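A.B. asks: For reference, the structure I am asking about is given below.
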Amino acid sequence: MKIFYSAGSPYARIVRIALIELGLDATTEKEEVTLRDPASTLLPYNPVGRVPTLRLDDGTVLTESLLIFFHLDTTHGNPPLLPRDGSDNWVTMARMGTAMGLLDGVAVWNRELRRPVHERSPGMQVLELTRATRTLDTLEQAVADGAYQGRMDAARIALGAALGWVERRHRTFDWRKGHPVLAAWHEAIEQTPSFMATLPPIIDY
Ligand SMILES: N[C@@H](CCC(=O)N[C@@H](CS)C(=O)NCC(=O)O)C(=O)O
């Protein structure tokens, strides 16, 4: 099995953390690839050109972090990181959805900031700021009420990767302001070995 990733990608980080948590990391080949590059070594495997991309031993190529996650979660006999049978009353899935929604929204916002100034849409930026703030407010209360705690699972991984990405790759947004519980939660999860091993490099956007 081989994972194609980029060090800064939060979507790839979700899969990289899952590989570590599931004990699959040591036996998984890894290749860091360039993005938005016509010469990228990723393109023969994934014409969409996005990470994460996972090549299975039989040559099957899986893309999309969630689908890769589904696959990885079938390869071990331990309790699933993401129960898909309702055995947890769909709690992990619901929480993961909120975290992925936060990440997707901030990714759109961040993409806006990477455009030349005259091409950026102020309306889009306000929309995404509002979405992110509203979601963080909800998460602040949820975490204070005991959500996203306990053993590592898909929801904790997704929220940790989302916050870690905002913290280190979307620094224009002071997400900690008004969210002290979430900030403390983030600091704690970044100390776990799977998070420490996949910390994205800081970039100023
Ligand atoms: N929905 C995809 C999103 C993956 C994604 O957007 N990855 C980014 C890196 S964070 C990428 O590969 N971008 C390359 C590009 O935009 O061309 C997933 O969940 O895997």
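The values are calculated or read from the model by the stated rules, or taken from the named source; none is laboratory data. Bear in mind the structure is a predicted one, so any value in this text is a computation, not a measurement. Note that each Cβ is placed from the backbone with ideal geometry, even for glycine, and that neighbours are counted across all protein chains shown. Accessible surface areas use protein heavy atoms only, side chains included; no ligands, DNA or RNA. Shrake-Rupley method; radii C 1.70, N 1.55, O 1.52, S 1.80 Å.
A.B. asks: Tell me the Kirkwood hydrodynamic radius of segment 91-196 in angstroms, computed as one over the mean inverse distance between distinct C-alpha pairs.
C.D. replies: Every distinct Cα pair counted, the radius reaches 14.2 Å.
A.B. asks: Does the chain classify as rounded, prolate or oblate by the C-alpha gyration tensor (a ≥ b ≥ c root eigenvalues; a/c under 1.5 gives rounded; else a/b over b/c gives prolate, otherwise oblate)?
C.D. replies: Here the chain falls in the oblate category.
A.B. asks: Would you kindly state how much longer the chain becomes between T192 and R151 on full extension, computed as 0.36 nm times their sequence separation minus their alpha carbon distance, in nm to one decimal?
C.D. replies: Extra length available between T192 and R151 comes to 13.6 nm.
A.B. asks: Starting from 0.36 nm per residue, how many nanometres of slack lie between A39 and D204 once their C-alpha separation is accounted for?
C.D. replies: Using 0.36 nm per residue and subtracting the Cα-Cα distance, I get 56.8 nm.
A.B. asks: Placing +1 at every Lys and Arg Cβ and -1 at every Asp and Glu Cβ, with all other atoms neutral, what dipole size does the chain have around its Cα centre, in debye to the nearest 20?
C.D. replies: 520
A.B. asks: Quick check: pseudo-label points 7 Å beyond the Cα along Cα→Cβ at T60 and L129, how many nm apart are they?
C.D. replies: Label-label distance for T60 and L129, simple model: 4.5 nm.
A.B. asks: May I ask for the distance between the Cα centers of segment 54-122 and segment 164-198, given as a whole number of Å?
C.D. replies: Comparing the Cα centres of segment 54-122 and segment 164-198, I get a distance of 18 Å.
A.B. asks: Quick one: what do you get for segment 2-72 if you divide its Cα Rg by 2.2 N^0.38 Å?
C.D. replies: 1.00
A.B. asks: Follow-up question, since we're still on this one. Answer with one residue from Y148, P122, V106: the one whose Cα lies farthest towards the positive end of the charge dipole of segment 91-196, charges on Cβ with Lys, Arg +1 and Asp, Glu -1.
C.D. replies: Among Y148, P122, V106, the one farthest towards the positive end of the dipole of segment 91-196 is P122.
A.B. asks: Can you work out ³J(HN,Hα) from phi for every residue in segment 110-125, in order, using Karplus 6.51 cos²θ - 1.76 cosθ + 1.60 and θ = phi - 60°, giving whole Hz and x for Gly and Pro?
C.D. replies: Computed from phi, the couplings for segment 110-125 are 5, 4, 4, 6, 8, 7, x, 3, 6, 9, 6, 9, x, x, 5, 5 Hz.
A.B. asks: With the full set of protein chains in place, find how many percent of the accessible area of the chain is carbon and sulfur; take the probe as 1.4 Å.
C.D. replies: C and S atoms contribute 55 percent here.
A.B. asks: Another question, then. Taking amide H positions as placed 1.01 Å from N in the peptide plane, with prolines and chain starts having none, which residues 5 or more places from T53, or on another chain, fall under 5 Å of its amide H?
C.D. replies: Long-range HN contacts for T53: F4.
A.B. asks: Which order do L113, L19 take when ranked by solvent-accessible area (1.4 Å probe, heavy atoms of all protein chains), largest first?
C.D. replies: Ranked from most to least accessible, the order is L113, L19.
A.B. asks: At R0 = 35 Å, how high is the FRET efficiency between E119 and E31 if r is their beta carbon distance? Nearest 0.05 is fine.
C.D. replies: 0.65
A.B. asks: Where does the longest stretch of the chain lie that holds no trypsin sites (Lys or Arg not before Pro) found in a DSSP loop with 16 or fewer other Cβ atoms within 10 Å?
C.D. replies: Here the longest segment lacking exposed loop sites spans 37-83.
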